[in-house]
Structures are given as C-alpha cells and as structure tokens.
Number of protein chains: 2
Amino acid sequence: RELTMVNETQHTCSASSSSKSDGGSSSGGESSKDSSRCSTPVLDADRHERLREKMRRRQESGDKWFSLEFFPPRTANAAVNLISRFDRMGAGGPLFIDVTWHPAGDPGSDKETSSMIIANTAVNYCGLETILHMTCCNQTKDDITGHLQKAKRLGLKNIMALRGDPVGEEWEEEVDGFNYAVDLVKHIRNEFDDYFDICVAGYPKGHPEAESYEADLRYLKEKVFAGADFIITQLFFRSETFLKFMKDCQAIGITCPIIPGIFPIQGYHSLRQLVKLSKLEVPQEIKDVIEPIKDNDAAIRNFGVEQAVSMCRELLDSGMVHGLHFYTLNREVATTEVLKRLGLWTEDPRRPLPWAVSAHPKRRVEDVRPIFWASRPKSYIYRTQEWDDFPNGRWGNSSSPAFGELKDYYLFYLKSKSPREELLKMWGEELTGEESVFEVFTCYITGEPNKNGHKVTCMPWNDDPLATETNLLKEQLEKVNRRGILTINSQPNINGKPSTDPIVGWGPSGGYVFQKAYLEFFTSSEIVTALLKVLKKYELRVNYHIVNVKGQNITNAPDLQPNAVTWGIFPGREIIQPTVVDPVSFLSWKDEAFALWIEQWAKLYEEESPSRMIIQYIHDNYYLVNLVDNDFPLENCLWQVVDDTFELLNTQTQ
Amino acid sequence: RELTMVNETQHTCSASSSSKSDGGSSSGGESSKDSSRCSTPVLDADRHERLREKMRRRQESGDKWFSLEFFPPRTANAAVNLISRFDRMGAGGPLFIDVTWHPAGDPGSDKETSSMIIANTAVNYCGLETILHMTCCNQTKDDITGHLQKAKRLGLKNIMALRGDPVGEEWEEEVDGFNYAVDLVKHIRNEFDDYFDICVAGYPKGHPEAESYEADLRYLKEKVFAGADFIITQLFFRSETFLKFMKDCQAIGITCPIIPGIFPIQGYHSLRQLVKLSKLEVPQEIKDVIEPIKDNDAAIRNFGVEQAVSMCRELLDSGMVHGLHFYTLNREVATTEVLKRLGLWTEDPRRPLPWAVSAHPKRRVEDVRPIFWASRPKSYIYRTQEWDDFPNGRWGNSSSPAFGELKDYYLFYLKSKSPREELLKMWGEELTGEESVFEVFTCYITGEPNKNGHKVTCMPWNDDPLATETNLLKEQLEKVNRRGILTINSQPNINGKPSTDPIVGWGPSGGYVFQKAYLEFFTSSEIVTALLKVLKKYELRVNYHIVNVKGQNITNAPDLQPNAVTWGIFPGREIIQPTVVDPVSFLSWKDEAFALWIEQWAKLYEEESPSRMIIQYIHDNYYLVNLVDNDFPLENCLWQVVDDTFELLNTQTQ
C-alpha cells in the first residue's frame, strides 16, 4: 500500500510538472529519476547522470558545452604536468575529457603513463567525466575484455570504440577477430550490457580507407545501430563540411548526437604531422595564410585561434550543434583562448562541495571528508580507494575506517610537481637551524621571496600557493609561523555566508555556508607544554588533538567523535557537512604528515648533512596539533590561544 | 596496523584523562566506551548506558536520583490517564520507573492494561527507562521464558525478579519449578545471559515468611550472587530501619546498590490496605498522628509528605543512599511534592532532541524524524515500530520507508484523552458551516472560550494546548485561522539561538540551534488555487507540498528530497538535524491527518447530521498544505505568502 501511494505521487508530480501554468511545478530540470525515496543526497544532478543523459539534458536546455581530448604522456614528469593541466582545464567546465589509446604504449597497463591510468586519474583524482579510447584491431577478445573489465573496476564509464591503425602496411581481416570498430561496439554491448556509454568516430569527409563517402556513412550507421550512444567527428577545416555531414547522417536515420571535432591550429609542424596521419587535405585558403608565417609560432597560433573561433561560431549559429570537441594536443593556451572567446569557458566559482568531488561512480554518495587532506585531495582519494562505502551525511556512518598504507606514497600523483633543484631553492640549499625552517614556512605564507630571493610557492603539505580563503588569515599566520607554530592547514570561522560567496561559498545557490575556525600546525614540545596549560582556559570552547610521530595523543574530543567544521544549509535539502575533524583518521593523517618531512624535505639533502638532521630532528620531536574553535558565531579565539601560549612562554623564560 | 594505532590512542587517551593536571583531559564523565570509531552519534551518554551503569555513574558523580513505581490500570481510560501521568512525572527526571506484575490481570498479554503493554508504552512511547516486574511462582518455565522473550522484543531491558504470592492459603514447593525469586534470577541469567539488568526485592524488616531476619539476609545474598544487579527495598517507616538493613547487607558481602523504597502516606485506607498486604507494623508515633485525622484526606496527605521528606533527608544525609524509590500508588501529587521539597525534581528544559526520544534500544540511533508527527509522537513511534533501522543523521539514509497502517489507530494511546462530551463542548454540539470549524481552530489558538463559553484545549491533531514555541506565532495564527487557513503545525524560524534557550533550545550546552519557518494547514481548494499563484513569486525561497485526501499532490521539492527544518551545531560533534519535511512520509501523514477529521471529529455527530456532513465535506474537499521558508536568516515570509493569497482572493471577488 505504501508503494502504491508513492507511485501515485510520482505520477501526480510529473503531471503537475508538465503543466507548470497550473501552478504546481517541479524545480528546474532536476525532476526525480528514482521511483522511491532517494537513499543518497543529490547535491548535483550531474553526479548521478550518465554522460549520454548529461548530453541530452544540455541539448534540451539549450546550454552549449565543450569537451577536451588528451593523449597519454611519455614520461612520469609529463604525467604530473598533464594532471595539473586536467585540474586547470577542468575548471573551465568541460562536459567530459577523453584520453586516447596508444597500442604501442602498453595502454591498458598500470604504468603511470598508460591510457588506462591517465583516464583513471582524470576520473578519480580530478573528478572529470572521462571517455577512454580503445582500439580493437590486432587484439584478442580476451585482451579487450580484460581492458574493459579493468576500466569498469577503475570507475570508467565511457568508451570510445575505435578500430585503430593496423600494424604494418598490409592489413588482413581476422576471422572471429575484431576487424572494425563495430565489432568492438557489439562486443561491449554483449559483454557489458548497458554499463558503458559508447562513443564512435565519424568522418566528415569519409574515412580515407572507405570505398566512398556514402559507404562510410552506412558503416557509421551500423556502428550506431550496434549500440553507440554518440559520435565524435574527425577534425575538419570548414563548418560546411561538418554541417553537410550531419545532414547526410540524419538523412539515413542517424539520430544520436554528433559532436564536431575542432582542431585549433597551433603550429606549422603539428598541422603537417596531423594532415599526414589523417590523410586530410588542408584547404588552400588556410595554406595561403600559413605558409608565409610558418616560422612564427605565435602568429600561427593566433591565426589558429581566429580560424577555430569563427568556424565554431558558424557551427553553433547553425542551431545544429550543441557541443564542441577540442583536440588539445595536450596544450592549454589555444583551446582555452578559443573557449573563452566563444563564451563557453565557464569557470564556476561555486563548487558543489568545498572539496573536488571524485567522478568514480562508487564515490557518488561521498559528501564528508576529514579536513586533514584538504590540500592533498588526491592522496586522500588514493588512500581510500579500497573503501566499499563512502560516508554519506555523517562521517560516523562510514564502515570503512582503514586508510590505505603509505607504502605507495611515491606514486607519481602524490609527488611534488617541482623538481629537486626548484625545491632546494625554495626550502633552502642549507638549513642552519629550526629557525631557517620557520623562515621557509613564513615565506610560503607571506609570498615574499626568501633570503636568496626565491619565492616559496609550495610546501610538502601544500602543492599549491596559499588558498584564497587562507589569505584571509595571512597576517595572523605570518606572525605565528615566525615563532615556530608551523601551520599546514587552517580555515576561518564563517557564520552563514551565502552559498554563492566567491571565496567561501559552495553548493547550490540560495543556501548558507558555515565554518568553525580550524588551525593545524607542527610545533615543538616546549610550545605544546605551554599550549596545553593555556587550553585549560578554553576547555569548553576549543577541541584539540595533539600527537607526535610515535602516536602519543592528547585530546579533549568527547568519545572520539568527529567534529563538523564545514556545513551548509540549502533550500529543500538536508544539511550537508562536508568537512569534519575526525580523531580516528587524524592518526592516519599524522603518519602521512610526518612522513612528508622526510620524504619531501629531508631527502633533498645528503645523509648525515646538518640540513637533513635538522629536518629529522623536527620529524622526531615536534608535535602535530589541530585546534577547533566551536563557537563559530563569535570572533575566532584560536589566535588568542596562540598569543596566550607565547605570553606564557615569555613569562616563564623571564 | 590501523587498529594498533587506534588502540594506542585509546591507551594514551585514558592515560591522559587520568592525569588531568598534565594538561590533556577527556571531557566530563563521558569517556569513550567503544574501542573504535563510534558508528552512531552520541548526543547523550544516557541513551547508550544500561540502567546499572547509569546508577553507577550517578553514584560516582554524587548526583542523587529517584525512581517511581506504578501498577497497571484496570480500564483503558485509566491507561490513557496513566500514560499522561508518565509523561508529566517523566518530566521531573526519574532514573527509571517500574511497572508491577499482577498475575491475576493477565500481565503478559497484549491487553492495553497489561503490565507488559504498560511497560512497553513507558519505554517506547514515553521514552522512560523502565523495569518490568515479573513473578515466578505458579508459572511454568515456558511461560516465564515467553514473557521474557516478549519483553526483550518490546525493548524492555530491566526485570524485577519476584517470587510473587502463592495462590491459595497453602503453598507447596514445586520440584523443578520456580519456588523462589532466586530461581527466576538464575533462569534469566541462564536463558538471556547478560541481556537484562535484574533487580530483586529486599526486606528491611525481613520477609514476613522468612525464618528470621538473618535467614532472609542470607537469602537476599543468594539472589544477588545468582546475578541480580541491584536491590529495591520494601517500604519502611523509619530511616534507621533501612540504614541498619543496609549495614547488615554490607556486613555479609552484599555490595550492589540498595535502593530504599519510599511510601509517602497518602490516605488512611491505602495505608491500612498496604499494612495488611505487607504484614508491616506501623510505628506507634505514626499511628498516634494519623488516627485522629483519619477522615481528613488532605491532612493525612500533608502529614505523609512531611514524614516522607524528613525520612528521605535522613537517608540522603547518611551518605549511604544515592537514590530513592517511590511507591506512587499511581498518584502524582504527594510524590511530586516530596521530590520538589527534596530538590530532586529536576524539570530540565533542555531536551536532548527537539522531540521525545524513545527508550527502545533499537531506536538508539534515531535522530531524524519528519515534522508532521510533531504533535503526535506516540503515533509516529507506533507507525514506525516495525522499522529495522532508524534514520541516523540523514533521513534519506533510512531504508525503512514503509509506515505502519492506520488500521490500528483506535489503539488507546492514539486516542484523544478527552471523553466525547468534553470534545463536543470544545468543538461544537452543532456546526452550522465551515465558519464554525474556523472558529474552533481560532479558539484553540487564542485560548479564548468559544461562543458557548468552553475553552478549546485540544484538537484532533493536537492533544495538548499550544506549545510555548507556537505561542510565538499566536497573533499571526489567529488571523489566518479566522479566514480558513486551518493550521495544525508550525514553527518559527531561528537563526542560531543558544542550545540552552528555554523555549527553542535542545541538545548539549555550548551549541546553537536553527530552524526554518514551517506552516502546515488544511484549506479549501479556492484558497489553494490563489496560494499557488502567489507561490510562484516565492518559487526559489518557499518549498511547498499540497495534497488532498485522494493523494493529488503538488510540490516544488527537488527530487522528492527531504528538507531539514531543525538542526543544531554542537562543540566537538557532527551536525544534528532532528526534523525534516519529507515529501514521501508526508503522504503517510496525509492519510492520518485526514482520517483524524472523521475518526475524532465527524464521528462525534449522528450519521447524516448536518454537523457530520460539514466535517465530511472538509475531509473530502480541503487540501493539506505545508510550507517551508528556506531563508532562515531573514524574516519569515510565510505570513506574507498567506497575506498575498488573501489579497489575491479579495481582488478576484471584487
């Protein structure tokens, strides 16, 4: 009976939403897809949708979109840089990115540069909707199935099914093998049902090996009817080429989305290389412009941007194109410029949660994390990748308290992006004492150059310069770092700012966000002793956890319960509390935070060198402290706590 | 390895809490009992403790307590009254109540007056820690086991194990049967291990049937050593009697808590009756006072209060007594008076949650409920009693969305406490139209007598007079009810009041509580049509659900998600959001809310009578509406919404 009632509602709901003028209406395009009470909070409908549904919704709403293609890097260093690029270009709001498949580069392996691992990183660590390319020729069914199973296990949900280039000049069809992309599409649908969204390639000029343009169109239709969800085209140089192709597709009954592949010309040589590979002909009007400036990279890139912008405008103006796919060649400037000129680059300051959400389907419900990994989100995702459940609403609800071991922290995406020489310049070629360490922390906070004239733009615990929000605390932070309170994480208190606030806002609009003041730092046992005396005065107001590398732990947290330090109240939703200070996970973080002293800093110096011994001393003897001021509507008292501590120390030494 | 670290912390935590002067300290007496991350939020340590632990903790903290004994009522009406008494006397803060076992009254049955059901009601519906008495003589092991299993199933956790009075004059020991309370204690421990806390009776003057006082003490020791956790004594008239008994117990090695049973003399006849049953002798000094005033009930009760207060003071002053057990005889005045005079009656305005928490162990984690049942908490508990899980933190997390059927709403504790004649006086002997219904609602809000001079102190949806909090909205509520917006539930918006606020506060101290403004009412379809037009202006700010008895449902709630309307932020804890507006459960509530028109109001009148037809018309044609103003920091806009609606209606009719 209950079920019947629920269904009745559903029916009535949809009825009323389709007749908005009658008064009742459902909000925006986010109508319910579940037929019973949803068991997870929906902060953002995007998080639950398949790529093809997102595409359909954007098409219906008339909201134009773009996507970005990358190829796997050759070296581990290049991989680290590419991932930073994913983060930066991800900020512009691509509907998805895709990663190409290079049969020669062991694309399905666990190497940090493989297509599989780069796509995995994009989905899980950068939170990007990702399509993994996959080619089928010269591979066994078992290999392909293995790759697909691995992709599924890693949280990849979209495959671009390609034939791939046969190895060698002569290509023979294999019986029972995969000879065409359509075979791969069929195989995916056979073996994985509807799990993957499948994309296939379209050739606006026809595939170079096809008998004819018409034959190639028929072949494309076959791929779509075998189960492909949408088409991305090969690059082209004139909008008419694409628009004609699209009409021809529609004429023979291809109705799925067809996305034009855009190649902003970025240099003479890359263009020639591409033309050779794709067997495309560059139109004379383009050759005429390019040839005379072929040695002027900047000029060619400017032209490329102009040409891409005007072609994209024509496509969008045609009314037939809803999204644009960019061949980035792993470069940032040209594509970003085109997107900005087109008005498609939408750097939305409003985050769905105050931390980057992983796009792994398993992590959909995740909406609480410990604050400790705030500056190391990839490390957090890595260390929780084996969790079966993710905390939903309450941290205390998680049944997966074991954090992954640190033994793998050398993994490339946990390493610093900066090379050793760079780090030595920032953190000191030679340390003369604990004070020179204080100096490094202080320079990182202030942004001022160190005594050798180098700016400190990262720290072992912070790969990026100071967050805008932390900037609010800059003056106080500088003062305390100078005196040996070595801060690695902090947030100000916030008493109900609009969720659209450009600095501290997150979540849907119309809401209010709140924070408790938080301060986390390393400091000497001398300061800790004084601090503990001072904290007695603040017993009911300030929660603290103080731990050293051996795990000695001093706290006043009740029952080892987590303390919510960031939360948001939104229209028509339950409370979201995305960040907590959790006493139990703090001990896992402690291991990582102390290890970073050694792995990232001490190891820059020779063994037994004085510099190395200074860092080792700090590692062995300092405490890691975190403080929460629970009284969020009042002025943050944590600075007073620190001031009182220094005052107590002064009195004692006098 | 993770586990080891956690254990290390635990060790260090306890070490530091036992050496507070070293700086580190654990908060209050709420030290952690769990050795790993707690999976449920602890708002109140009491909710997780066994009765014997609570007793120990209170003894350690030096915090004196009291408990109350009741017997099962004879009639269903008396049961309804007794339950109200539980609620009122529960407000004074008893550590537990106990319910006696009457073998002649089918005590283990499902009858609304059975010991079992009364104890069940006390635990589940009134949220009181409860001891169920159980006697064993003349019963089979199977019967006893059955009763115990049922008690466990109903959430009862404490048993007072008694022999009971043999039926008939001559009593013969049964081989293999239960002849003494000690047999019952052993049986409970054998069959239910440590599940129940067991209480046994002590006789300060020795059991009347015992060979000697010493023999009785040895027998008591046997009961304790068989597994009893504490002792409650038979009544006595002099503090020396109890204190000697206690010393004698301790002398022979009885170390468990011994709680004196206090009997405030409440009348001449009840005293005589009791003396006859218990075979106790009333001391001459008491007889001397009572005999001359035996026909003056008030005088005897005053004396009884005086005598009890002075005896209790002596007991407490002895330093040996930590709690007092009161034989209430199901009466309220004398015991309450004694407790108030002793300073033990502690009506704590601070609620752990904004609604009464059920004491059923299964419901421990429950900390979210839909707002709809705010005035009918017992009905909510009844309709969710079959749930396996209770929402913890997020309403959306509950996997038990099915609400119990309404077929049982005639159950005595869902019925109105007032008799039919009373209700007719309040709600009108004869209704002349919808306006006379508006008038009833208005009188309920204002507290003014109706046109026949009767105050309206309850409504079908509200068994009690207006809540203090609702009083804040009185003026506005009166205005709208007069015009046919028939309000049944509402709350003002609150933007961060201290959790200790006497009116809207709840939860641990040091926190802040928040609310979104809420308004729920019945109204005509004419008003609904205008309201929906007005609501368009408030689309982004106000969430609404509008439903009629047939289930036609109009809403703008996103994805049928629940909307948190009450929440609290506390030091060192996760966010608590105890009240939500949940679109799905609203449809279950709708059935109940509409049914109350008929079951409680229409059925007061003859079938086919005009009064009955008016109520039936409202039931059939009105809508149930709820409105939430999401913008809690601003002034509540719901009154403006209603004003705009009336204005629109005025314009239309002009």
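The values are calculated or read from the model by the stated rules, or taken from the named source; none is laboratory data. All values reported here derive from a predicted model rather than from experimental measurement. We place every Cβ from the backbone using ideal geometry, glycine too, and count neighbours over all the protein chains shown.
Remark: B:V513 falls outside the filter, which requires a residue to be more than 14 Å from chain A (Cβ to nearest Cβ), touching a residue at least 24 places away in the same chain (Cβ under 8 Å), of a type in the set (V, I, T) and surrounded by 16 or more Cβ atoms within 10 Å (Cβ to Cβ).
Screening B:E635, B:E606, B:E647 for residues that are more than 8 Å from chain A (Cβ to nearest Cβ) and either within 30 Å of the chain's Cα centre (by Cα) or part of a helix (DSSP H, G or I) (or both) leaves exactly one candidate, B:E647.
Within the group A:L596, A:L587, which residue is surrounded by fewer than 24 Cβ atoms within 10 Å (Cβ to Cβ), in contact (Cβ under 8 Å) with a residue 40 or more places away in the chain, outside any strand (DSSP E or B) and facing chain B (nearest Cβ under 8 Å)?
A:L587
Name the residues in the range B:516-532 that are touching a helix residue (DSSP H, G or I) at 6+ places or on another chain (Cβ under 7 Å), facing another protein chain (nearest Cβ under 9 Å) and among the β-branched types (V, I, T), would you? If the condition is that a residue be touching a helix residue (DSSP H, G or I) at 6+ places or on another chain (Cβ under 7 Å), facing another protein chain (nearest Cβ under 9 Å) and among the β-branched types (V, I, T), then no residue fits.
Within the range B:98-126, the set of residues being surrounded by fewer than 23 Cβ atoms within 10 Å (Cβ to Cβ) and among the charged types (D, E, K, R) comprises B:D106, B:D110, B:K111, B:E112. Taking the condition of being of a type in the set (K, R) and assigned to a helix (DSSP H, G or I), how many residues in the range B:359-389 meet it? Looking only at that region, the number is 4.
Within the range B:273-292, is there a residue that is surrounded by 12 or more Cβ atoms within 10 Å (Cβ to Cβ), of a type in the set (S, T, Y) and without any contact (Cβ under 8 Å) to a residue 40 or more places away in the chain? No, the range B:273-292 contains no residue that is surrounded by 12 or more Cβ atoms within 10 Å (Cβ to Cβ), of a type in the set (S, T, Y) and without any contact (Cβ under 8 Å) to a residue 40 or more places away in the chain. On the stretch given as the range B:516-527, residues that are more than 22 Å from B:L473 (Cα to Cα) and surrounded by 21 or more Cβ atoms within 10 Å (Cβ to Cβ) total 0. Checking the stated criteria, A:R612 turns out to be over 16 Å from A:F372 (Cβ atoms), away from every other protein chain (no Cβ under 14 Å) and more than 31 Å from the chain's Cα centre (by Cα).
Filtered by the rule that a residue be charged (D, E, K, R) and away from every other protein chain (no Cβ under 11 Å), the range A:384-396 gives A:E386, A:D388, A:D389. Scan the range B:485-500 and tell me whether some residue there is at the interface with chain A (Cβ under 10 Å from one of its Cβ atoms), touching a residue at least 60 places away in the same chain (Cβ under 8 Å) and under 19 Å from B:F372 (Cα atoms). No: zero hits.
If you filter the range A:539-578 down to residues that are closer than 30 Å to B:T555 by Cα, touching a Gly at 6+ places or on another chain (Cβ under 8 Å) and outside any loop (DSSP other than H, G, I, E, B), you find that the one that is nearest to the other protein chains (Cβ to nearest Cβ) is A:Q577. Here B:T130 meets the list (1) farther than 18 Å from B:Y195 by Cα; (2) crowded, with 22+ Cβ neighbours inside 10 Å; (3) of a type in the set (S, T, Y) almost entirely, failing just condition (1). Scanning the range A:86-121 for residues that are farther than 21 Å from A:I144 by Cα and within 10 Å of the chain's Cα centre (by Cα) yields A:F86, A:D87, A:R88, A:M89, A:G90, A:A91. Hey, does the range B:236-255 have a residue that's part of a strand (DSSP E or B) and either of a type in the set (S, T, N, Q) or touching a helix residue (DSSP H, G or I) at 6+ places or on another chain (Cβ under 7 Å) (or both)? No, because not a single residue in the range B:236-255 is part of a strand (DSSP E or B) and either of a type in the set (S, T, N, Q) or touching a helix residue (DSSP H, G or I) at 6+ places or on another chain (Cβ under 7 Å) (or both). Whether a residue is within 21 Å of B:C256 (Cα to Cα), among the hydroxyl-bearing types (S, T, Y), buried (at least 19 other Cβ atoms within 10 Å of the Cβ) and in contact (Cβ under 8 Å) with a residue 12 or more places away in the chain was assessed, and B:S67 passes this test. In the range B:200-219, the residue that is modelled with the highest pLDDT out of those that are of a type in the set (A, V, I, L, M, F, W, C) and surrounded by fewer than 18 Cβ atoms within 10 Å (Cβ to Cβ) is B:A215. Among the residues of the range A:609-632, those that are touching a Gly at 6+ places or on another chain (Cβ under 8 Å) and in a helix (DSSP H, G or I) comprise A:S611, A:I614. Checking B:A374, B:A299, B:A334 one by one, the residue that is over 21 Å from B:M89 (Cβ atoms), out of contact with any Cys (no Cβ under 9 Å at 6 or more places or on another chain), among the small types (G, A, S) and in contact (Cβ under 8 Å) with a residue 60 or more places away in the chain is B:A374 and no other. Selection of first residues in the range A:190-212 that are under 24 Å from A:Q250 (Cα atoms) and of second residues that are at pLDDT 90 or above and surrounded by fewer than 11 Cβ atoms within 10 Å (Cβ to Cβ), restricted to Cβ pairs under 8 Å at least 6 apart or on distinct chains, gives the following pairs, ordered by first then second residue: A:G206/A:S212.
Total residues in the range B:70-86 satisfying the condition of being crowded, with 17+ Cβ neighbours inside 10 Å and either outside any helix (DSSP H, G or I) or not β-branched (V, I, T) (or both): the figure is 8. Looking at this structure, is B:N481 polar (S, T, N, Q), surrounded by fewer than 17 Cβ atoms within 10 Å (Cβ to Cβ) and away from chain A (no Cβ under 14 Å)? Considered against the rule, which asks whether it is polar (S, T, N, Q), surrounded by fewer than 17 Cβ atoms within 10 Å (Cβ to Cβ) and away from chain A (no Cβ under 14 Å), B:N481 comes out as no.
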